[in-house]
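See structure below.
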Amino acid sequence: MNLHEYQAKALFGAAGIPVPPGEVAKTGAEAETIARGYGGTVVVKAQVHSGGRGKAGGVKLASSPDEARAHAEAILGMEIRGLTVEKVLVTPAEDIDTEAYVGVLVDRKTQAPTFMVSAEGGVDIEEVAATNPEAIRRLTVDPRYGLLPHQAYWLANSLYDDPKLAKQAAKIIRQLYDAFTGNGASMAEINPLISTPGGEVKAIDAKVTLDDNQLFRVPALEDLRDLSAEPAAETKAREAGLSFVKLDGDVGCCVNGAGLAMATMDLVKYYGGEPANFLDIGGSSNPEKVVAALEIITADPNVKVILFNIFGGITRGDDVARGIVEATRRIDIKPPIVIRLTGTNEKEALESLAEAGFSATNSMDEVVESAVKLAAEL
Amino acid sequence: MAIFVDGSTRLVVQGITGRDGSFHTRQMIEYGTAVVAGVTPGKGGQAFEGPDGESVPVFNTMDTAVRETGANTSVVYVPPAFAADAILEAADSGVELVVAITEGIPVLDMARAHAFARDRGVRVLGPNCPGIISPGTAKVGIIPAQIVTPGPVGVISRSGTLTYEAVIQLTHAGIGQTTCVGIGGDPLIGTNFVDCLAAFGEDPDTEAIVMIGEIGGTDEQEAAAFVKASVDVPVVGFIAGQTAPPGRRMGHAGAIISGSAGTAEEKMKAFEENGIAVAQRPADIVGLIQSALGG
């Protein structure tokens, strides 16, 4: 789950990291009031789950409340990498002397939290990594001991020559690690970490991705989920315990297992069609999940045909079959349904499908080919 | 022969009295796996009944279970909040292999668990994996027994049902397997492609290997380089997620294209460059294996 900058800053602030004040506005008038409250120059920043906000024109300096209003009105409703901006953060502008980068993420290769810091901040760190890798200092944290004070200091010393700044940065790096582990994040980043002419170090931008698997430990974080940032169908799928990703094609897919679901989408493409979605009904075999899946798929007006690909293992084929029959009773499904079903309780499943007038095959290629053909004819 | 599990496997089931644990324990016993113990805290002293009235003793702790029964392998069906500790307990108990089926374990929990297990020289398979089956000798996990048959092909996969798809097609074509290993769909997994390739490479009965990867991370690329350098038997590869959009998690926590890294295209290219025959769709795996086996 991705957080907005203002949410990430609140978590950082709670961990003791110096972050400038800021308030969120949903209208130009709100932005104007906030700017007036701060006085002086403010920054108006689009709050959207995407990088490259500055380049897209989503971050603007405003020297007066009127200007803040005008910028907010221009930014709100703007599309950045396909996402609509619904909120802006208004925050006093800071005097910047230097800009650094500090980030920590769970690295697949070292299987541990890994810090990357660079004195070249304020830019895309992947770009720095590609063009000037020596400018980045890396540290793998042993998750059993946590980040040790001397390690934080070693990282900070690559950012600043001035010992006063390095000392502040070391503290911030430790606080960042605490915020990272305490909130169950998989990534936490300050970019840029600035130093001011007055000799202060603070975080003026923040990015956090929380590990969905750990949300149960800090349930309050669930409230930070921005439902307006995800399509309604994905919210519904998550609540029903399904994994769903909307795509642009016309073959609706309902599959058990993530790998098989991806392979099914690929096979649709192989036969010349376009998948309308990724949908994994998961390992459990609750017929209600199948009903929810069909409701989500049929809500997409692009879907011309619905393709089931079920390989029973933990998932019982007869439960899926009952879900299909139940769903067609409860909701009006217009697109034709083609079914591939094999594995656990295949026989019972095929019987109850046949009773309800469905036919099913046990070949994945066969069913995908016929789904693509049907979609092309309709 | 087989890798990681075989006739010498003595299995302890962690979470044996739970819904998934009890269901799959019966299936593992039915397949002939030597299930010697179960662990559920608070239920020590009870007995778990197998499908034919077999009695499996239940213990409160892994330590007792291993000392009393000589178990050398554990399988974890414990809910996500407690699963990492169950893996740590297993790694501390003296078993050599821990197979973690549980899906949804927090990633920072697994970072600690993997470091702990590595230090003790204990192999972890998974988490979020379907387990492992050596046809004819041992099944540890949830891979359906009816789809496998003994034979010369080793199968390694990050996915569950997609593995079944590939395996059943091999079986229907009369091509059996030495061992089928599901390594799991999480970003942090204990046993990776390279570990399995190395083990299959040392198994005299494995004459060809099927490797099923998916988008996300760079494990497949490293595996491809390892195949070229160190694997003598032919390898056939498939990658799921050719049509997956970047930046979106496709079900598995590990299946996400970040930036330009981890795409199916990149992985298929790495396969081709390192002498791995690439199947465009699951149905092509059989033909490629047949020609690899000189059929």
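The values are calculated or read from the model by the stated rules, or taken from the named source; none is laboratory data. What you are looking at is a predicted structure, and each value in this text was computed from that prediction instead of being measured. Please note: Cβ atoms are built from the backbone with ideal geometry, for glycine as well, and neighbour counts cover all protein chains shown.
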- Look at A:T209 and say whether it is closer than 30 Å to A:A299 by Cβ and in contact (Cβ under 8 Å) with a residue 60 or more places away in the chain. yes
- Run A:T91 past the list (1) away from chain B (no Cβ under 14 Å); (2) more than 27 Å from the chain's Cα centre (by Cα) and report the number of the one that doesn't hold. (2)
- Message: Considering only region A:260-270, I want to know if a residue exists there that is crowded, with 24+ Cβ neighbours inside 10 Å, at pLDDT below 95 and either touching a Phe, Trp or Tyr at 6+ places or on another chain (Cβ under 8 Å) or not in a helix (DSSP H, G or I) (or both).
- Response: no
- Query: Taking A:N277, is it within 14 Å of chain B (Cβ to nearest Cβ) and among the polar types (S, T, N, Q)?
  - Reply: yes
- Have a look at A:G182, A:G146 and point out the one that is out of contact with any helix residue (DSSP H, G or I) (no Cβ under 8 Å at 6 or more places or on another chain), within 14 Å of chain B (Cβ to nearest Cβ) and of a type in the set (G, A, S). A:G182
- Kindly check whether there is at least one residue in region A:38-48 that is assigned to a loop (DSSP other than H, G, I, E, B) and closer than 20 Å to A:L3 by Cα. yes
- So which residues in region B:258-275 are more than 16 Å from A:G259 (Cα to Cα) and crowded, with 24+ Cβ neighbours inside 10 Å? B:F271
- Message: modelled with pLDDT under 85, crowded, with 24+ Cβ neighbours inside 10 Å, within 14 Å of chain A (Cβ to nearest Cβ) and in a loop (DSSP other than H, G, I, E, B): which single residue out of B:A255, B:A244 fits that description?
- Response: B:A255
- Task: Could you list, in sequence order, all residues of region B:118-130 that are crowded, with 24+ Cβ neighbours inside 10 Å and within 12 Å of another protein chain (Cβ to nearest Cβ)?
- Result: B:V124, B:P127, B:N128, B:C129, B:P130
- Task: Take the residues in region A:212-223 that are surrounded by fewer than 19 Cβ atoms within 10 Å (Cβ to Cβ) and outside any loop (DSSP other than H, G, I, E, B), then tell me which one is nearest to the chain's Cα centre (by Cα).
- Result: A:D212
- Restrict the check to region B:61-70 and report whether at least one residue is surrounded by fewer than 24 Cβ atoms within 10 Å (Cβ to Cβ) and either part of a strand (DSSP E or B) or within 13 Å of chain A (Cβ to nearest Cβ) (or both). no
- Task: Scan region A:1-28 for residues that are assigned to a helix (DSSP H, G or I) and either out of contact with any Asp or Glu (no Cβ under 9 Å at 6 or more places or on another chain) or among the basic types (K, R) (or both) and jot them down.
- Result: A:K9, A:A10, A:L11, A:F12, A:G13, A:A14
- Message: Within region B:258-295, take every residue that is assigned to a helix (DSSP H, G or I) and among the aliphatic types (A, V, I, L, M) and give me the one that is farthest from A:V268 (Cα to Cα).
- Response: B:A292
- Query: How many residues are facing chain A (nearest Cβ under 10 Å), small (G, A, S) and surrounded by fewer than 24 Cβ atoms within 10 Å (Cβ to Cβ) if we restrict to region B:143-157?
  - Reply: 0
- Message: I need the full set of residues from region B:252-263 which are among the hydrophobic types (A, V, I, L, M, F, W, C), over 21 Å from the mean Cα position of the chain (by Cα) and under 11 Å from B:E214 (Cβ atoms), in order please.
- Response: B:I257
- (1) under 23 Å from the mean Cα position of the chain (by Cα); (2) surrounded by fewer than 24 Cβ atoms within 10 Å (Cβ to Cβ): which one isn't true of B:I285, the others all being true? (2)
- Just one of B:V231, B:V210, B:V167 is free of Cβ contacts under 8 Å to residues at least 60 places away in the same chain and within 15 Å of B:G151 (Cβ to Cβ); which is it? B:V167
- Hits in region B:179-198 - residues which are within 11 Å of chain A (Cβ to nearest Cβ) and outside any loop (DSSP other than H, G, I, E, B): B:G182
- Query: Limited to region A:189-211, what total is found for residues that are under 29 Å from the mean Cα position of the chain (by Cα) and assigned to a loop (DSSP other than H, G, I, E, B)?
  - Reply: 3
- Note on the structure: (1) within 20 Å of B:T33 (Cα to Cα); (2) surrounded by fewer than 24 Cβ atoms within 10 Å (Cβ to Cβ); (3) within 14 Å of chain A (Cβ to nearest Cβ) all hold for B:G176 apart from (3)
- Matching residues in region B:23-52 - criterion: being over 22 Å from B:S8 (Cα atoms) and modelled with pLDDT under 95: B:F23
- Residues located in region B:187-197, provided they are touching a helix residue (DSSP H, G or I) at 6+ places or on another chain (Cβ under 7 Å) and modelled with pLDDT of 95 or more: B:L188, B:G190, B:N192, B:F193, B:V194, B:L197
- For region A:272-378, which fully contained helices (runs of 4 or more DSSP H) count at least 1 residues that are of a type in the set (V, I, T)? A:287-298, A:317-330, A:364-377
- Item | Only one of B:A111, B:A115, B:A91, B:A84 that is outside any loop (DSSP other than H, G, I, E, B), surrounded by fewer than 22 Cβ atoms within 10 Å (Cβ to Cβ) and within 14 Å of chain A (Cβ to nearest Cβ) | B:A115
- Query: In region A:250-262, what residues are facing chain B (nearest Cβ under 9 Å) and free of Cβ contacts under 8 Å to residues at least 60 places away in the same chain?
  - Reply: A:V255, A:G257, A:A258, A:G259, A:L260, A:A261, A:M262
- Yes or no: A:V245 within 11 Å of chain B (Cβ to nearest Cβ) and in a strand (DSSP E or B)? yes
- Given the structure, is A:K334 of a type in the set (K, R), surrounded by fewer than 23 Cβ atoms within 10 Å (Cβ to Cβ) and in contact (Cβ under 8 Å) with a residue 12 or more places away in the chain? yes
- Message: If a residue must be of a type outside the set (S, T, N, Q), in contact (Cβ under 8 Å) with a residue 12 or more places away in the chain and touching a strand residue (DSSP E or B) at 6+ places or on another chain (Cβ under 7 Å), how many such residues does region A:63-95 contain?
- Response: 15
